[in-house]
Ligand SMILES: Nc1nc2c(ncn2[C@@H]2O[C@H](COP(=O)(O)OP(=O)(O)OP(=O)(O)O)[C@@H](O)[C@H]2O)c(=O)[nH]1
Ligand SMILES: [Mg+2]
């Protein structure tokens, strides 16, 4: 009889240990919990943020444009003034030429120069709308986004903000700490991961970035995550070996999910001006860039880069950074951008 009681007691204890262990294990594996979307702090609308972020660019353009638009006729001198102003705002020669050629067709030299303002606004919007500005989506399985760019352009910050945006939409997000090169990079991404409520897959400093991205995508698949965003170390477009490394990362990701990465975002520092053009040229070729995130628009008078890069490389700007905070990333909106750059009155 006593043996029977001991046997039953041992059975109960064993069962409790097993069930407890299973619960603890499943909690650890179920990352992230299907928690409610994290709301971003509500702030001004995209149009307002664009207008504020483009203040410096507008100021730089302002004086010369006022003089152009104030002329009696859209004559040769008006066009010369316009050309100078667009080049100064870093639109680049190709975009400037294309804009002026089209404007000449739309606005007669006999028309008041004031008509140029509206025509330019419409034209800039139209040209920017030629390329899709929305981020890629996938039917099923994780959407994989690879983020590349030169040192300090704002990659990690943009990843953090983007993760927060997806979380706000109710999507689950996982981050891959593919910058194993710079000291503190992994920690920085983890801080953003915590802020955005997105787990981070990381290896040691110095590890192979392709291996990290591999594990991140695998983990996202296994956990049924909606979006995986992989960080990479900053690299100069002239560093061949480092540029080639991006090719390897892409290949490894593509082997797990054919067609991935679905989006390769080139993060360009908006304050860089002309250098952004050479970055876009090399990264587009080597890393298969599908879109641009232009950061630090709030701190630059060179916002025309958006027009230039989009025109020259047929690359759409998809995201714009307008500050350092978590909600300071906006989907690119050509109408809001053109409206803010060439307002009806200034
Ligand atoms: N004002 C402003 N600052 C920004 C923006 N985006 C990023 N930054 C700042 O730019 C600096 C560099 O950002 P990171 O995200 O660390 O850049 P990174 O490209 O990851 O840098 P590396 O990893 O060193 O190559 C940080 O101080 C950011 O706060 C933006 O849209 N506006
Ligand atoms: Mg970084």
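The values are calculated or read from the model by the stated rules, or taken from the named source; none is laboratory data. Treat the numbers as computed from the prediction; the structure is a model and nothing was measured. Don't worry about glycine lacking a Cβ; one is built from the backbone with ideal geometry, like all the others, and counts go over all protein chains shown.
Below is a table of values for the structure above.
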{"item": "Strands (runs of 3 or more DSSP E) within segment 135-249 that include 3 or more residues within 16 Å of ligand 2 (Cβ to nearest atom) and at pLDDT 95 or above", "result": "143-148"}
{"item": "Any pair with Cβ under 6 angstrom, 6 or more apart, that starts in segment 144-169 at a residue that is over 12 Å from residue 229 (Cβ atoms) and in contact (Cβ under 8 Å) with a residue 60 or more places away in the chain and ends at one that is within 8 Å of ligand 1 (Cβ to nearest atom) and in a helix (DSSP H, G or I)", "result": "149/155"}
{"item": "Counted residues, segment 250-279 - those being in a loop (DSSP other than H, G, I, E, B) and in contact (Cβ under 8 Å) with a residue 24 or more places away in the chain", "result": "6"}
{"item": "Verdict on residue 309 being in contact with a strand residue (DSSP E or B) (Cβ under 7 Å, 6 or more places away or on another chain), buried (at least 23 other Cβ atoms within 10 Å of the Cβ) and assigned to a strand (DSSP E or B)", "result": "no"}
{"item": "Residue 218 being over 23 Å from residue 323 (Cα atoms), away from ligand 1 (no atom under 16 Å from the Cβ) and in contact with a helix residue (DSSP H, G or I) (Cβ under 7 Å, 6 or more places away or on another chain)", "result": "yes"}
{"item": "Residue within segment 319-342 that is more than 11 Å from ligand 1 (Cβ to nearest atom), part of a strand (DSSP E or B) and buried (at least 20 other Cβ atoms within 10 Å of the Cβ) present", "result": "no"}
{"item": "Cross-chain or 6+ apart pairs with Cβ under 6 Å, segment 188-201 first and in contact (Cβ under 8 Å) with a residue 60 or more places away in the chain, then within 16 Å of ligand 1 (Cβ to nearest atom) and assigned to a helix (DSSP H, G or I)", "result": "196/160; 196/163; 196/164; 198/163"}
